[in-house]
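See structure below.
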Amino acid sequence: MKRALLAEDDPVSRSFLCEALALSGWEVDAFECGETAADAAIARAYAVLILDLNLPGEDGIATLRRIRNRDDHASADAPALALTADDRHEQHQHLRRAGFDAVATKPLTMARLDVLLLDLAGPSPGRDAGVDDVSQDPATLPLWDDASALAAVGGQADILATLRRLLLGDLPGQRNLVLAAPDSPQARETLHRLRAACGFCGAARLAHLVRVLESRSPPPAEALAQFARTVEAMLSTHVE
């Protein structure tokens with residue numbers, strides 16, 4: 001299991017981020033200040049560093065600088081994500097120039113966090129289980145993999161039901177966008193986000209088809225038709 005380092009002094013944000021990371025299959029070491037986070041990253045290799053900009057003591061930039069100032073530091077080469085409430089373009093550019101590989105504006109959704117971590121560190125162990133083979137017949141996969149989904153949310157059926165309702169609420173618009181222009185940047189971004197949501201919800205068949213559509217340019221017509229049929233089947237189900 002991949003391990004992430006999180007430095008966030010706000011307890012609500014820290015709790016949310018830890019929960020979101022755990023649901024996506026990450027182990028997390030969370031810290032409230034930059035100095036202790038830097039010490040941990042110097043001593044231990046992490047797959048990704050998630051650093052709030054406004055930390056007590058050392059801010060996020062100083063923390064990242066200290067982690068990376070020597071090649072023998074264990075996480076010197078780890079990709080870094082900056083968290084900030086400042087959505088100004090110039091601030092984000094400043095953070096990238098300071099060494100961050102990506103910048104996210106708070107508040108951050110679970111789906112957006114998952115997309116960013118996929119770009120930075122690759123698939124997490126809890127993501128897309130059983131759908132790596134894009135040649136697999138999607139009909140062999142269940143619409144809903146309850147066992148894996150419940151395992152991902154620690155057996156909390158109410159949380160799973162809420163996540164699935166959110167997924168189903170967004171699906172019609174996402175389907176229409178993808179089918180209208182399947183090779184467009186907007187469709188690619190939508191598929192990227194949808195794959196993360198499928199992972200949270202145990203939507204095994206849809207996750208597989210999203211992976212197929214992402215892997216081909218242009219996406220095959222038959223895969224698009226299967227995608228549409230699967231969405232319709234999911235929308236016709238009643239999730240408790």
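The values are calculated or read from the model by the stated rules, or taken from the named source; none is laboratory data. Predicted model, so just to flag it, every value in this text is computed and none were measured. Because the Cβ atoms are built from the backbone with ideal geometry, glycine has one as well, and the counts that use them run over all protein chains shown. SASA here: full protein model, heavy atoms, side chains in, ligands and nucleic acids out. Shrake-Rupley method; radii C 1.70, N 1.55, O 1.52, S 1.80 Å.
Within the shell defined by Cβ-Cβ distances under 15 Å, the residues around Asp77 carry a net charge of +4, with Lys and Arg each +1 and Asp and Glu each -1. Distance between the pseudo-spin-label points of Val12 and Ser215 (7 Å out from Cα toward the beta carbon): 4.2 nm. For the chain, the relative contact order is 16 percent, taking Cα pairs closer than 8 Å that sit 6 or more residues apart in sequence and dividing their mean separation by the residue count. Ellipticity at 222 nm from helices only: DSSP H runs of n ≥ 4 in the chain, each -39500 (n - 2.57), divided by the residue count, give -17000 deg cm²/dmol. Per residue, segment 35-116 exposes an accessible area of 47 Å² to a 1.4 Å probe, with every protein chain left in place.
Label-to-label distance, Ser184 versus Ala62, with points set 7 angstrom from Cα along the beta-carbon direction: 4.6 nm. Remark: the Cα gyration tensor places segment 1-84 in the oblate category, a/c being 1.5 or greater and a/b not exceeding b/c. Axis angle, to the nearest 10 degrees, between helix 157-180 and the longest C-alpha principal axis of the chain: 70 degrees. Atom-type composition of the exposed protein surface of the chain places 52 percent of the accessible area on carbon and sulfur (1.4 angstrom probe). Largest first and in whole Å, the equivalent-ellipsoid semi-axes of the chain read 34, 19, 16, each the square root of five times a Cα gyration tensor eigenvalue. Relative to the longest principal axis of the Cα atoms of the chain, helix 185-201 runs at roughly 90 degrees. Taking the chain as a Gaussian network of alpha-carbon nodes connected by springs under 10 Å, the highest mean-square fluctuation of the residues Leu166, Leu81, Leu95 belongs to Leu166.
Between the Cα long axis of helix 11-23 and the first principal axis of the chain there is an angle of about 50°, rounded to the nearest 10.
Label-to-label distance for Asn54 and Gln91 is 0.8 nm, based on points extended 7 Å past Cα in the beta-carbon direction. What is the distance in Å between the Cα centroid of segment 22-60 and that of segment 147-183? When both Cα centres are located, 29 Å separates them. Taking a ≥ b ≥ c as the square roots of the eigenvalues of the Cα gyration tensor of segment 58-118, is the shape rounded (a/c under 1.5), prolate (a/b larger than b/c) or oblate? Judged from the Cα gyration tensor, segment 58-118 comes out oblate (a/c at least 1.5, b/c at or above a/b).
For segment 171-240, the relative contact order is 31 percent, taking Cα pairs closer than 8 Å that sit 6 or more residues apart in sequence and dividing their mean separation by the residue count. Given the options Asp146, Asp71, Asp52, state which has the largest fluctuation in a GNM of the chain using a 10 Å cut-off (strictly under) for Cα springs. Its mean-square fluctuation being the largest, the pick is Asp71. Net length available on complete extension from Leu150 to Asp72 is 24.1 nm, with 0.36 nm assigned per residue and the Cα-Cα distance removed.
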